[in-house]
Amino acid sequence: MALVDPRFVGHVHALRLALTDPRFPAAAVRGALSVQPEARTALARAVTAAAATARISGSGGGAPTAAPARALGPAESLERETAPTGVPATVPGRAGQARPPLGSAPRPGADAGGGDAGAASSADAAAHASGEYAESRSRTRPSGTAAAPGAHSRVDDLAAALDAEGVPVHRPELGVLVAAVPADALSRAKARDAVDAVDDERVRLRSAVKSRDGFFTTFCISPYSRYIARWCARRGLTPNQVTTASLLTALIAAACAATGTRPGFVSAGVLLIASFVLDCTDGQLARYSLQYSTLGAWLDATFDRAKEYAYYAGLALGAARADGDDVWALALGAMVLQTCRHVVDFAFNEANHDATGNTSPTAALSGRLDSVGWTVWARRMIVLPIGERWAMIAVLTAFTTPRITFYVLLVGCALAACYTTAGRVLRSLTRRAERTDRAAHALAELADTGPLAELVAKAAPRGPSSYLAPLSAALGAAAVLAGTAAAGFGSWAPVGCAVLYAVLAGVAVAAPLKGPLDWLVPPLFRAAEYGVILILAACSEVNGALPAAFGLIAAVAYHHYDTVYRIRGGTGAPPHLLVRAIGGHEGRTVAVTAAAALLHHRNQGFTIALTALAAALALAVLTESIRFWVSSGAPAVHDETGEPA
């Protein structure tokens, strides 16, 4: 449901931003308001209250009330893209014939940048048919912030009433775009001049690109991928279709790499870059056309990792076919390292994004460096974000061997991990901040604790401690990794180390994770679990053990990424029953070490055990994940931060 003041003057794109973004329960600009179904009841109450107030004012002989808002239903299209600038847009009738613009009779200035004030849609699908929306950087303005000067508008009163009721009203940051309700003819003429002075299509294209991205993406991909996004929008393609095309392209690239031939490696590198171009295009298309969906959130959250890890597997297969080189351990190490890097990013951001008193000298230094342009790009390249990483992999694949590709990738990712983790540790140690209960709960969900650690946590409760949680997690991870590496495959010593790890993991999560370094707990758990699987598979020398371990870690990593994106969407982690059913990180670690000890003397026994465990985990996790992301309660969440992936 959308309401637009009939005196509205502004860019059509300003109306798009207010009326067609499905991610927010309510959104508004000056003189325009839209609500999703979850906020319609609150809007109805606000309209009823406003009508009652207007009747009382009218019976009391007060001043004339403002012009009524024009209500728009879901069948009314926002505008025709072909309408010339300055000419009121027409909206098709039920039989497809054109009809006059919506709203009252035409008045001077009513044609705002190619669309009448009434020519706007609800936040639903009719406008999506044109595929021509976009997004600018946005924020939610606190209730009570003063609106732009102009005539009094009942629509703005209703937006304020929703704010007062506790319904968050999203107010997009318009920048140079105009959205006004002029009070008189002179201000209307000035508003129309301001509309004519800005090309809102250029704003749409510019805002389709993330505000913060890597060097390679910003300068080598986005200058033309935004136009591909517009081309897709004008032909009715959806972001999900482009995302699927990107996945298919990456899978074909992995298949080319698996051939083990030089033409196959060259083709794989080219196709990997093409897949990345499409990967950028799908997000830009979503922002350009404001097409955010729950399915899109799920695809966006999982396909990037699926593409990269499938490509690693293709390289490993290609190396074996080319000259019999076994690089599965390197491929698995690259996947483990990259996943742990992401968990560091996620955990740190969840721990600190709503912390109070969030200041530190390290953060202040980083802010000062941002004023020196070249340091910004240098620091973004150092962390080896997805654009730089995929470009490096593509070039190395085409001109070198898979082994060299993995060596360079591992060294680059390790240096990037050390740089980012050290910086975040310094920030955490020097900042004075109080973590919220929500942040502590998010870290606990990211920890992925199973029944074994839960029993320990209940049996040995502790009070808050600044560094006990990360210290316990670090000691447990070091013990199980060192013990497994020292004892080797087939020994029962790793099982004892895994039990000790489970005990220390329980101690780590016994109290709320509010300490300055408690965000390190989830990545330490990931490193311990993945590392144990990698070490046992590499030391086993059992045929097929490393590929089976690759599949197992991929299934577990999917579960962890799924948890992250559910938390980002505000819906919390997967059901606790599922987390307990798949054992938690400590339960799986104990199970893998026990399988290695029990089956070490049986040919292929360990490989079969890893394969069965991977299949069972993948079935359970994917079933629940698909059920959630296609349900009506899943969030329409997309990554708009531009943080390196």
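Below is a table of values for the structure above.
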quantity: Output for the stretch 231-246, where each listed residue is part of a helix (DSSP H, G or I) and of a type outside the set (Ser, Thr, Tyr); calculated: Trp231, Cys232, Ala233, Arg234, Pro239, Asn240, Gln241, Val242, Ala245
quantity: Some residue of the stretch 9-26 being closer than 20 Å to Ala151 by Cβ, open to solvent by 10 Å² or more (accessible area, probe 1.4 Å) and at pLDDT 80 or above; calculated: no
quantity: Identity of the residue in the stretch 239-270, touching a residue at least 60 places away in the same chain (Cβ under 8 Å) and open to solvent by 40 Å² or more (accessible area, probe 1.4 Å), that ends up farthest from the chain's Cα centre (by Cα); calculated: Thr261
quantity: Residue count, the stretch 189-227 (criterion: open to solvent by less than 60 Å² (accessible area, probe 1.4 Å) and more than 30 Å from Leu384 (Cβ to Cβ)); calculated: 9
quantity: Residue list for the stretch 294-315, filter: at pLDDT below 85 and acidic (Asp, Glu); calculated: Asp300
quantity: Selected residue [surrounded by fewer than 24 Cβ atoms within 10 Å (Cβ to Cβ) and either within 28 Å of Val327 (Cα to Cα) or aliphatic (A, V, I, L, M) (or both)] from Ala511, Ala537; calculated: Ala511
quantity: Residues (among the charged types (D, E, K, R) and within 23 Å of Pro182 (Cα to Cα)) located in the stretch 25-53; calculated: Arg30
quantity: Which listed residue is open to solvent by 10 Å² or more (accessible area, probe 1.4 Å), in contact (Cβ under 8 Å) with a residue 60 or more places away in the chain and among the β-branched types (Val, Ile, Thr), from Val277, Val327, Val344; calculated: Val344
quantity: Count - residues of the stretch 457-475 that are at pLDDT 85 or above and under 19 Å from Pro516 (Cα atoms); calculated: 9
quantity: Near pairs, Cβ below 6 angstrom, 6+ apart or cross-chain, from the stretch 537-554 (touching a residue at least 40 places away in the same chain (Cβ under 8 Å)) to any residue that is surrounded by fewer than 22 Cβ atoms within 10 Å (Cβ to Cβ) and among the hydroxyl-bearing types (Ser, Thr, Tyr); calculated: Val542/Thr607; Gly544/Thr607; Ala545/Thr607; Ala548/Thr607; Ala548/Thr611
quantity: Residue list for the stretch 404-450, filter: open to solvent by less than 70 Å² (accessible area, probe 1.4 Å) and closer than 23 Å to Val327 by Cβ; calculated: Thr405, Phe406, Val408, Leu409, Leu410, Gly412, Cys413, Ala414, Ala416, Ala417
quantity: The lone exception for Asp354 - which of (1) modelled with pLDDT under 80; (2) touching a Phe, Trp or Tyr at 6+ places or on another chain (Cβ under 6 Å); (3) of a type outside the set (Val, Ile, Thr) it fails; calculated: (2)
quantity: For Ala197: the one exception among (1) closer than 30 Å to Leu317 by Cα; (2) without any contact (Cβ under 8 Å) to a residue 40 or more places away in the chain; (3) not basic (Lys, Arg); calculated: (1)
quantity: Matching residues, the stretch 15-56, being assigned to a helix (DSSP H, G or I), in contact (Cβ under 8 Å) with a residue 24 or more places away in the chain and either touching a Pro at 6+ places or on another chain (Cβ under 8 Å) or on the phi > 0 side of the Ramachandran plot (or both); calculated: Leu17, Ala18, Ala39
quantity: Residues of the stretch 261-280 satisfying the condition of being modelled with pLDDT of 95 or more and among the charged types (D, E, K, R); calculated: Arg262
quantity: Of the criteria (1) touching a Leu at 6+ places or on another chain (Cβ under 8 Å); (2) buried (at least 22 other Cβ atoms within 10 Å of the Cβ); (3) modelled with pLDDT of 95 or more, which one Arg526 fails; calculated: (1)
quantity: Test: residue in the stretch 305-319 that is more than 22 Å from Trp629 (Cα to Cα), in contact with an Asp or Glu (Cβ under 6 Å, 6 or more places away or on another chain) and of a type outside the set (Ser, Thr, Tyr); calculated: yes
quantity: Selection within the stretch 552-580 - within 20 Å of Leu315 (Cα to Cα) and open to solvent by 30 Å² or more (accessible area, probe 1.4 Å); calculated: Ala554
quantity: Lone qualifier among Gly483, Gly506 - being without any contact (Cβ under 8 Å) to a residue 40 or more places away in the chain and either open to solvent by less than 20 Å² (accessible area, probe 1.4 Å) or part of a helix (DSSP H, G or I) (or both); calculated: Gly483
quantity: Top-ranked residue in the stretch 131-169 [being modelled with pLDDT under 50 and not in a loop (DSSP other than H, G, I, E, B); ranked as surrounded by the most Cβ atoms within 10 Å (Cβ to Cβ)]; calculated: Ser138
quantity: From Ala183, Ala191, residue being among the small types (Gly, Ala, Ser), part of a helix (DSSP H, G or I) and closer than 28 Å to Gly31 by Cα; calculated: Ala191
quantity: Hits in the stretch 280-300 - residues which are open to solvent by 10 Å² or more (accessible area, probe 1.4 Å) and not in a helix (DSSP H, G or I); calculated: Gln291, Tyr292, Ser293
quantity: Pairs with Cβ under 6 Å, 6+ apart, first in the stretch 612-625 and of a type in the set (Ser, Thr, Tyr) and part of a helix (DSSP H, G or I), second at pLDDT below 95 and open to solvent by less than 30 Å² (accessible area, probe 1.4 Å); calculated: Ser625/Asp562
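The values are calculated or read from the model by the stated rules, or taken from the named source; none is laboratory data. These numbers come from a predicted model, not from an experiment. All Cβ positions, glycine included, derive from the backbone under ideal geometry; neighbour counts span all protein chains shown. With ligands, DNA and RNA removed, areas are computed over all heavy atoms of the protein, side chains included. Shrake-Rupley method; radii C 1.70, N 1.55, O 1.52, S 1.80 Å.
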